[in-house]
1. Is it fair to say A:PRO53 is open to solvent by 20 Å² or more (accessible area, probe 1.4 Å) and more than 22 Å from A:ILE131 (Cα to Cα)?
2. Being open to solvent by less than 30 Å² (accessible area, probe 1.4 Å), over 26 Å from the mean Cα position of the chain (by Cα) and without any contact (Cβ under 8 Å) to a residue 40 or more places away in the chain: is that true of A:ILE81 here?
3. Out of all the residues in region B:59-74, is one or more in contact with a Ser or Thr (Cβ under 7 Å, 6 or more places away or on another chain), open to solvent by 20 Å² or more (accessible area, probe 1.4 Å) and under 30 Å from B:ALA203 (Cα atoms)?
4. Quick check, is C:LEU166 of a type in the set (A, V, I, L, M, F, W, C), within 18 Å of C:PRO233 (Cα to Cα) and surrounded by 18 or more Cβ atoms within 10 Å (Cβ to Cβ)?
5. Being farther than 17 Å from E:ALA179 by Cα and either assigned to a helix (DSSP H, G or I) or more than 12 Å from chain E (Cβ to nearest Cβ) (or both), is that true of even one residue in region D:159-172?
6. Within region A:156-207, which residues are in contact with a Ser or Thr (Cβ under 8 Å, 6 or more places away or on another chain) and free of Cβ contacts under 8 Å to residues at least 24 places away in the same chain?
7. Is it true that some residue in region E:194-213 is buried (at least 23 other Cβ atoms within 10 Å of the Cβ) and more than 24 Å from E:LEU56 (Cβ to Cβ)?
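The values are calculated or read from the model by the stated rules, or taken from the named source; none is laboratory data. In this text the structure is predicted, and so the values were computed from the model without any measurement. So basically every Cβ, Gly included, is an ideal-geometry build from the backbone, and we count neighbours across all protein chains shown. Accessible surface is based on the protein model in full, side chains and every heavy atom, while ligands, DNA and RNA are left aside. Shrake-Rupley method; radii C 1.70, N 1.55, O 1.52, S 1.80 Å.
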Amino acid sequence: MDIATIIGILFGFIVIISAIVAGGGWQMFIHIPSMAITIGGMLCATLIHFSLPQFLGIFSIVKKTIIAKVPSQSELIQKMINFAAINRRDGALALEQEIPSLDNSFFIKGLQMLVDGRDSEQIRDFMSIEIQYLQDRHLTGKKILEFMGSAAPAFGMIGTLIGLVLMLKNLDSPDAIGAGMAVALLTTFYGALAANLIFIPLAGKLGLYSKAEVTAMEMIVEGICSIARGENPTAVREKMQAFISPARREEVKASV
Amino acid sequence: MDIATIIGILFGFIVIISAIVAGGGWQMFIHIPSMAITIGGMLCATLIHFSLPQFLGIFSIVKKTIIAKVPSQSELIQKMINFAAINRRDGALALEQEIPSLDNSFFIKGLQMLVDGRDSEQIRDFMSIEIQYLQDRHLTGKKILEFMGSAAPAFGMIGTLIGLVLMLKNLDSPDAIGAGMAVALLTTFYGALAANLIFIPLAGKLGLYSKAEVTAMEMIVEGICSIARGENPTAVREKMQAFISPARREEVKASV
Amino acid sequence: MDIATIIGILFGFIVIISAIVAGGGWQMFIHIPSMAITIGGMLCATLIHFSLPQFLGIFSIVKKTIIAKVPSQSELIQKMINFAAINRRDGALALEQEIPSLDNSFFIKGLQMLVDGRDSEQIRDFMSIEIQYLQDRHLTGKKILEFMGSAAPAFGMIGTLIGLVLMLKNLDSPDAIGAGMAVALLTTFYGALAANLIFIPLAGKLGLYSKAEVTAMEMIVEGICSIARGENPTAVREKMQAFISPARREEVKASV
Amino acid sequence: MDIATIIGILFGFIVIISAIVAGGGWQMFIHIPSMAITIGGMLCATLIHFSLPQFLGIFSIVKKTIIAKVPSQSELIQKMINFAAINRRDGALALEQEIPSLDNSFFIKGLQMLVDGRDSEQIRDFMSIEIQYLQDRHLTGKKILEFMGSAAPAFGMIGTLIGLVLMLKNLDSPDAIGAGMAVALLTTFYGALAANLIFIPLAGKLGLYSKAEVTAMEMIVEGICSIARGENPTAVREKMQAFISPARREEVKASV
Amino acid sequence: MDIATIIGILFGFIVIISAIVAGGGWQMFIHIPSMAITIGGMLCATLIHFSLPQFLGIFSIVKKTIIAKVPSQSELIQKMINFAAINRRDGALALEQEIPSLDNSFFIKGLQMLVDGRDSEQIRDFMSIEIQYLQDRHLTGKKILEFMGSAAPAFGMIGTLIGLVLMLKNLDSPDAIGAGMAVALLTTFYGALAANLIFIPLAGKLGLYSKAEVTAMEMIVEGICSIARGENPTAVREKMQAFISPARREEVKASV
């Protein structure tokens, strides 16, 4: 999830900036008031649409989408099989010392419930609600990014209209026309760039990331509930393999 | 719900007006006939689309969206637990003196039914219909705002077409061209600004507000029905906590 | 349903015409060939899309939407309660002399079936099919208006393209450019005005009107079937009140 | 279905051509290379999107939509009642001599199955699959026409871009600018006209035609299955009347 | 599936290039920096939206869509009937020597499971999951192509805005205006061409190809499960014929 986003944003800006520099006029493309209209207008519209906590939460969701790693499915399966074996051999309490080895807070919470002796239904109920709320939070994040992706070009156009009206005031000096028109178009440029290189693709990535994380969480729930029912490692592996494609199952078997 | 909307509208206009003033021509942006076409045309189209009562109702709904406070979920839970305790200790009639302490008319109506000795099924039936009608009213409000958000730019464009045709009458004086063109573009500017800074984001906010208010009302129904069935405070808290995210439950427990 | 549509169309045209007259060039806005392209093209496309009877039916549906009055819900309830009382006191045959007092042909047909001694199942079956066909007819009307609302701007643009190509023939005379351009823009203006002030809002109103009329018809069916089962006036009132909002029920009770 | 389509296309072209001729420049509107880009590009995109048999099948479907007559519903009912009477009087074999009087191959196939002594379930199964495949074929046809309706303006715009770039090569001669611009706009004109006067409305008509033909086929299946179960003519009429609106039933009764 | 795609792309480019060459300025249409903005920007946005493996997988899916042949339905039915006969005559093990005659890996896997003595439920479960994952993979491919089809024109417009701003820098030399404008329009041209001639139609074709391949796979599953249950060749043929249109069944019977 990680690398593609960073490469895409980085190379996208390199491509755009190269074209501008090659055209020989990069100074013309930096115009603070135009940025203020486009970005400021978009942020204000987003604030009106959403609530303050939702608005502030979007930055941490986006950061997490770029930085966080979805746990590897084969690693998850391998760990769960080990835990199933420990559970059958030494009992659930022996799993407590495995908790420090995990870096996924959802996995830790599940394992803790297992160690605490909760039955599989209680674990599933509690953890399903957690998954539901995570999905809601991600969906809200996706909606905010999509709204930003539609508001940015709209405020770009509003900025261009302001620029055009101001420019039409002094039509007599041809020089001013060119410069005024260029500045007027900048807001549309900023809006289109922000929407198409940042907000719209990030909304798509957030959707994919959310799906991948939810699948991982469902695998964890399935595995821990199997262990809670005292199933053997082979049964646990079969349950968890239903989440991955047949082609990749061989690979998992090999690695396990 | 409140502050973000006001901040967004306020700062949005500050951003736009600053840009205009910085451009040095704010007088050009105030043109009453252009406003009349854009806003008047949009209001007329809205009147044709909707009925007179729906049209008049939208203002109160928007005002309520901005001013009204969705009741805090943890407060609701705390109150309901207190009421459950009172009900178990002193009977439903003792709840009557709690009514003046409430500021939510829906909560009051529910508590009154409880005091009147209605059973939980009657309370749920009556209050569910109220929720249904509130949702319908909010949905109609959302549709009106969305229609305004699409009609405003349309009448902005119609105004611009009128301005362009009028301007093309006297193409010989270059000065008139600039001024005429500037005026023609104003209607598009007004329409785009009204749609993107007011109507479209407000429609979104109304949707979120409606969802939050409906959740609060469903919590009240759930709580009052639990009390009507004589359940103890702990059971009431567990029923109501199903509506809030696991992360916030701890916080509620602490505050309760 | 009635007044808002008429006010909206009337004031909409007043707003647009005022702006044109104030701009000092109303003669320029009347151009029969441009109207012929926009309106003619739109009508032809509508004829290709729909069948001749559907196309001809749209005018009567629109007229009915504007003129016809949806029966008042409280009047309906009051009448039905009276009829229930007459039925219990004097038998179904006594209802025959009430038929001339009704002006709703659907209500008359239902009452006639009651007088003829049909049982409640037969009445519901027959009348539900009538409601279904009315909904289908209204839905087709809505689709035709929506199609007209998208075809009018499209043929407006086609007209503008024709005008531009013709204008570009003689670019040498600047006067001709202005006039030609103005005429070319007129078709876009006509198309945008017809779509946004007439077709799109009327399609919306037809949808609301259809919903209100269907609700009234469902209330009639519910009431007549109750009477046919010999229920008492109070039971009839309760059945019919389920269709109206709790807030308005008090009002009905008072008026009944 | 028939006449409206032909009238619409005919008058549509008359309206457009009249406007062009009245503008005094019909020669300018015939430009073979521009037609080649718009129509050729659209056909190539359609070929890429769909398979060769689907692409070739669209022409016969459109032709059939314009020429073919949906069988009259009252005629269908009348014939079916006659066949039911013959079946009851002389047995299914006597229906064989009625087959030559039919011109609907679907009806013939059904009657043949009846004569061959298949039971009502076998007939329904076989004929339902035929209806399903007809619907699929019509739906594919509708999708192709809709795709053409979106591809034609797109290639019109591509043609205009090519024309503009070529025109901008020699900006020094004002005459060439006008002519080049006019030619450039022609592809957009062709694309918009083809989409809005031909493809989009025809796609709509195909949808309506498909619905009408499927209703007729379902009426045939219902009628033949009734006869196969040996039902009497009155029962057959009642089954088939469920497909037509109550208003038209009287008319059918009269004609039958 | 194959030929139409290749013909469409080939002729599409021939049509466009012919128009450009006929206009006498093909050199103007090749501008590497403009291509870099449009294609580079689009690829970067796609990378941000999707994950690296999904992005890289799209090329092999498209290649397969163009090259791969969907197995002929009548051949499939014929082979399956032969295998059913062999199975009834010589037992499932005798089918092993038929495996080398197949070129479809999904068919081979199914036959292998049959030879290995798996029962029909196990085969269906395993193969249904394979179909599900193929559908997911194709759907992702379709989404990527559709996203490219919307990103290409967007980055085309961004490139045009950059070009316009650069051009407006030196409005004094009319020559530079024409050339600058022409170059600015090129990115929009590239974006529109890539979207409308490549990405959008290919996304449609991928959808059709996916549907055809899934139908073939479902036929294989149905046939192998029938054989696994020891059904006779006639029963196998009837099961598989349910997948093809009645018109084509006769043809299959003839060929079988």
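1. No: the conditions fail for A:PRO53.
2. The answer is no for A:ILE81.
3. yes
4. Considered against the rule, which asks whether it is of a type in the set (A, V, I, L, M, F, W, C), within 18 Å of C:PRO233 (Cα to Cα) and surrounded by 18 or more Cβ atoms within 10 Å (Cβ to Cβ), C:LEU166 comes out as no.
5. Yes.
6. Across region A:156-207, the qualifying residue is only A:LEU161.
7. Within region E:194-213, one or more residues are buried (at least 23 other Cβ atoms within 10 Å of the Cβ) and more than 24 Å from E:LEU56 (Cβ to Cβ).
Residue-by-condition table, conditions (1) surrounded by fewer than 18 Cβ atoms within 10 Å (Cβ to Cβ); (2) under 30 Å from the mean Cα position of the chain (by Cα); (3) modelled with pLDDT of 90 or more:
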| residue | (1), (2), (3) |
| --- | --- |
| B:ASP90 | yes, no, no |
| B:ALA94 | yes, no, no |
| B:GLN97 | yes, no, no |
| B:PRO100 | yes, yes, no |
| B:SER105 | yes, yes, no |
| B:ILE108 | yes, yes, yes |
| B:ARG118 | no, no, no |
